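K.L.:
Handing you this structure, nothing more for now.
What follows is calculated from the coordinates using simple rules that are stated; it is not laboratory data. Since the structure is predicted, the reported quantities are computational estimates derived from the model, not experimental observations. Here the Cβ positions follow ideal geometry from the backbone for every residue, glycine too, while neighbour counts run over all protein chains shown.
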Amino acid sequence: MAGKNGKESTRARIINSAKRLFAEQGYQKTTIIEISKQAGLSEAALYEYFQGKEDLLLTIPGLWVSELLQDIDEQLFGVKGAVNRLRKYLWWYLRRIEQAPLDAKIVYLFLKTNSNFMATEVFSNVKQFYSRLLDIFEEGRRNGEFKPDLNPRLARDIFVGTMDHIVTRWLLKDMSFSLFEGLDSLFDLMVGAFAAEPPRTAPPAEPQTGDTAGGRADAGLAEDGLQEH
């Protein structure tokens, strides 16, 4: 048991060391030697746990993304209405990004551009995580909150693309502003594009003067006057 715990502790130490170095100086500039020194291991010892730098990159976000996937259902539990669920999803996700900037930086700036990312378990979990958005958009289409001809997949892509833009910009600008700055207006803009059009109400009928009782009486008086002359 002690040996297993010791290996898990060493593995976690390697991952945390790589995470810090990747986030601080970038994936390309970081070397295995630096990671092993940061973790207090020899380079040979590190290779007993990971095949190399790319293996570490593809492993690091696994735990974080798994936690997000487990937490999202709890966060949405009991929230009624597609728009409310969509808002909860966005605010909660950005809050989690804010709480784990190193994980977010590795995922958004390094991992998503790696050609092997789509073959990882992390990518499978990311797909499941975003599939919750498909459920929300489908719910809104069914209950009339969103357009009846809304394509949930296209709506999901627009929503995810917007989230990615917000997070990537925040990371590239060294987290110098709040992720929630202007978020209400942006959310309203997106939801407005998805929302069903309100039912049209017929305008009130305008009275036709020729058909009114007063109009008919005036016409009768005019005719009487003509007959007298």
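K.L.:
Could you quote the convex hull projected area for segment 62-194, Cα atoms only and averaged over all directions, in nm²?
P.N.:
Over every viewing direction, the Cα hull of segment 62-194 projects on average to 8.0 nm².
K.L.:
First measure r as the distance between the Cβ atoms of Ser131 and Leu102, then evaluate 1/(1 + (r/R0)^6) with R0 = 35 Å and state the FRET efficiency to the nearest 0.05.
P.N.:
0.85
K.L.:
Then there is this: At a threshold of 8 angstrom on Cα-Cα distance, excluding pairs fewer than six apart, so keeping six or more, what relative contact order does segment 2-56 reach in percent?
P.N.:
Relative CO of segment 2-56 lands at 33 percent.
K.L.:
Kindly state, to the nearest 0.05, the FRET efficiency for Ala12 paired with Leu172, given R0 = 30 Å and r defined as their beta-carbon distance.
P.N.:
Plugging the Cβ-Cβ distance into 1/(1 + (r/R0)^6) gives 0.60.
K.L.:
If I model a spin label as a point 7 Å beyond the Cα along the Cα-Cβ vector, how far apart are those points for Asn5 and Ser115 in nm?
P.N.:
Going from the Asn5 label point to the Ser115 one covers 4.4 nm.
K.L.:
For segment 2-149, state the average projected area of the convex hull of the C-alpha atoms over all orientations, rounded to one decimal in nm².
P.N.:
For the Cα atoms of segment 2-149, the hull's average projected area reads 10.9 nm².
K.L.:
Through the Karplus equation 6.51 cos²θ - 1.76 cosθ + 1.60, θ set to phi - 60°, convert the phi angles of segment 126-142 into ³J(HN,Hα) values in whole Hz; use x for Gly and Pro.
P.N.:
4, 4, 5, 4, 6, 5, 4, 5, 4, 4, 5, 5, 5, 4, x, 5, 6
K.L.:
Right, something else. What net charge is computed for the residues neighbouring Ile32, neighbours being all others with C-beta under 14 Å from the C-beta of Ile32, Lys and Arg scored +1, Asp and Glu -1?
P.N.:
Summing Lys and Arg as +1 and Asp and Glu as -1 gives -2.
K.L.:
List the residues, sorted by chain then number, that are 5 or more residues from Phe146 or on another chain and whose placed amide H is less than 5 Å from its amide H.
P.N.:
Arg141, Ala196
K.L.:
In whole Hz and in residue order, list the ³J(HN,Hα) couplings for segment 176-185 that follow from phi through the Karplus curve 6.51 cos²θ - 1.76 cosθ + 1.60, θ = phi - 60°; x for Gly and Pro.
P.N.:
7, 9, 7, 4, 9, 5, x, 5, 4, 5
K.L.:
Let me ask something additional. Work out the P(r) tail for segment 2-56: percent of alpha carbon pairs separated by more than 17 Å, whole number.
P.N.:
Taking all Cα-Cα pairs of segment 2-56, the fraction more than 17 Å apart is 27 percent.
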